[in-house]
Structure formats: C-alpha cells, structure tokens
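Following: one structure in structure tokens, then a few remarks.
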Amino acid sequence: MTFFRSIYYFGVTGCLAGLLGWFTSCWIVDLSFSPLITAVAVGCLVGIFIGSFVCALERIMDSGITTCLGDFLLGALTGIIGGSLGGVVFFYLYEATKDTIPYFGRMFGWSTLGVLVSIAEAIRWRSMRRALNGLLGGAIGGLIGGFIHHFLGTIFGPTVSMAWGITILGASIASGVSFACILGSDAYLQGVEGNKSSKYGEQYKKSLYRDARNIIGSGDPGRFSSKANIQIVGDELIDSLHATISWEGRQFFISPYELPNQGEETYVNGHKIDRKQQLQHGDLICLGSSCFRFLKVRSSSGDSSNLPPREQIRR
C-alpha cells in the first residue's frame with residue numbers, strides 16, 4: 001500500500017470512528033449531568049472509537065482482523081484516557097476563555113485526545129521517534145478538528161455541528177498521526193513485482209525507524225496479538241517471527257529473528273544470511289517467497305529506478 005493510500009485509509013477510518021463516537025455520545029448531551037461530567041463522558045466515548053480504530057487499522061491492513069484485538073484494546077484504553085482528559089481540558093479552558101477565544105478550549109481539548117491516540121501507536125512500535133512524530137500529528141489533527149467543530153457550531157445547530165465536527169475530528173487525528181509517522185520514518189521496505197501475493201507488489205511500502213525493533217513475521221491469526229510489527233500474510237514460508245531490522249551505529253542491519261536461524265531462510269541480494277548483515281540502499285531482501293527492496297528515505301545512492309529487477313538476483 002502506498003503512503004498516500006495509507007493516509008487516505010486512516011482518514012476514512014477516522015471519519016467512521018468519529019461518526020460512531022458522535023452516535024453513541026449525542027444522547028449524553030440531553031441528560032441532566034453537570035457540564036464537566038458531560039464533557040468528560042462525551043470525550044471518553046469519542047476517544048474509545050477513535051483510539052481503537054486508529055491503533056488497530058495498520059494491523060488490520062497488514063494481516064487481517066484476527067490479530068488486531070490487542071491493538072484494538074490498547075487504542076481503546078488510551079482513547080478513554082485521552083478523551084476524558086480532553087473533556088476536562090475543554091471544560092476549564094472554555095470556561096476561562098469563552099468570552100474572548102471561545103474555540104480555544106475545544107481545540108486543545110480534542111488535541112489532548114489526539115496526543116493520547118498517538119501514544120498507543122508509539123507503544124505498539126516501541127519507538128520514541130514514532131512517538132514524537134505521532135504526538136505532533138495527533139496534536140495538530142486535534143487542533144484542526146476542534147477548530148472546525150467550533151466553526152460549524154457557529155453556523156449550524158448543536159446537533160449538526162457535533163455530528164460533523166466529531167466526524168471531521170476523527171479524520172483529522174487519524175490522518176495526522178499517519179502522515180506524521182510516515183514523514184518521520186528513516187527507511188522503508190517496498191514490495192517488488194512477482195511476489196506471491198499482489199498485496200506486496202510495488203505499491204506496498206512499510207516504514208522503518210532507527211529506534212524501533214522492526215520485526216518481520218507472518219503474524220499468527222490464532223494469537224491475541226503479535227510481536228511482529230511488519231506482518232507478511234499469505235506466505236507459508238515466512239515464520240511468525242522471521243527477521244529483524246535494527247539500527248546500530250549509523251546503519252541498518254538485518255538478522256534472523258533468533259540466531260542461529262532455525263526457521264525459514266532469509267536472503268539479501270541472493271545470498272542466504274545466518275547472522276547479522278548490514279543493509280545498503282536498494283538491497284533486495286527475500287523472506288520465504290516474498291521479496292522487498294530496502295530503501296533509505298535520505299540516501300546519496302539516488303532513487304530505486306536503476307536498481308536491478310528481482311529476476312536478475314537469483315537465490
């Protein structure tokens with residue numbers, strides 16, 4: 001999947017999450033709760049949907065719905081915390097600024113939710129770099145969504161503005177987190193034509209981070225979750241935990257997940273590896289019957305247009 005398509009899918013999923021969040025929370029506004037409790041309850045329900053959908057989406061796109069339950073629950077938990085805190089931030093900032101900057105509270109309240117949603121993504125990848133980029137994307141997405149939410153409220157009635165505002169909020173947070181994480185990646189794997197599954201053709205790209213342990217595996221559909229944050233499905237020759245790409249010193253290295261490799265084989269440019277090996281821009285990595293090009297985001301080697309095709313590198 002291309003990066004732009006990934007951002008698009010995150011945005012659409014965020015819209016759906018926001019719409020469901022509004023649908024389940026709109027009745028709270030009509031109940032006789034205090035304004036603070038209402039703000040916290042609405043933020044909590046909206047946060048559950050946006051957090052769980054955003055955190056689980058990447059896993060679903062990679063390997064299907066069967067291995068995403070752990071990510072879904074992690075996202076729901078951070079969404080509850082972020083939405084609740086966002087409700088508190090909204091209430092007190094709105095009370096303090098409603099006569100001068102009335103949209104200030106809503107912007108920063110929803111921005112709090114965006115920040116917590118991005119933390120769930122960072123926990124899953126165990127990457128501080130992804131965390132910082134995600135925090136920025138989630139915060140900006142929340143600010144934009146909060147401003148639009150307030151702006152719509154000045155034009156339409158509260159029901160319409162809440163529905164559209166929270167729906168756009170979900171899209172803003174989801175696409176903001178996705179875009180920021182992609183923008184902050186250090187390298188990526190790109191599929192090549194000829195792979196067993198067309199899903200992993202040239203349109204497939206997966207970000208890699210220097211401070212993350214980028215684990216490649218098949219993903220076990222029978223498990224609650226998987227350690228593999230880069231999952232290749234449909235290839236029976238790929239182990240559930242097959243290989244690791246890590247940053248050491250100033251270079252990326254690939255190695256079998258466990259040394260010595262007792263599972264299936266890994267090749268780099270046609271040569272089988274049984275120990276850690278440095279990766280260069282353009283290297284062809286083959287795991288099982290699937291191959292991927294290793295490409296650095298910033299490389300003096302130029303683009304990949306002149307690299308040898310897959311069939312010229314025999315295993």
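Numbers below:
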| quantity | calculated |
| --- | --- |
| Filter pass, Ser185 being surrounded by fewer than 23 Cβ atoms within 10 Å (Cβ to Cβ), among the hydroxyl-bearing types (Ser, Thr, Tyr), at pLDDT below 80 and farther than 15 Å from Gly288 by Cα | no |
| Condition broken by Ile168, with the remaining ones in (1) hydrophobic (A, V, I, L, M, F, W, C); (2) in contact with a Phe, Trp or Tyr (Cβ under 9 Å, 6 or more places away or on another chain); (3) in contact (Cβ under 8 Å) with a residue 40 or more places away in the chain; (4) in a helix (DSSP H, G or I) satisfied | (2) |
| Residue in the range 40-54 that is surrounded by fewer than 19 Cβ atoms within 10 Å (Cβ to Cβ) and of a type outside the set (Gly, Ala, Ser) present | no |
| Single match in Ala180, Ala139, Ala174 (criterion: part of a helix (DSSP H, G or I), at pLDDT below 80 and buried (at least 22 other Cβ atoms within 10 Å of the Cβ)) | Ala180 |
| Selection within the range 1-25 - in contact with a strand residue (DSSP E or B) (Cβ under 9 Å, 6 or more places away or on another chain), assigned to a helix (DSSP H, G or I) and either loosely packed, with under 14 Cβ neighbours inside 10 Å or of a type in the set (Phe, Trp, Tyr) (or both) | Phe3 |
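A quick yes/no check of all residues on (1) outside any helix (DSSP H, G or I); (2) in contact (Cβ under 8 Å) with a residue 24 or more places away in the chain:
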| position | (1), (2) |
| --- | --- |
| Trp27 | no, no |
| Leu31 | yes, no |
| Ile37 | no, no |
| Val42 | no, yes |
| Phe49 | no, yes |
| Ser52 | no, yes |
| Cys55 | no, yes |
| Ile60 | no, no |
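The values are calculated or read from the model by the stated rules, or taken from the named source; none is laboratory data. Because the structure is a prediction, the values reported are computed rather than measured. FYI the Cβ positions are ideal-geometry reconstructions off the backbone, even for glycines, and counts take in every protein chain you see.
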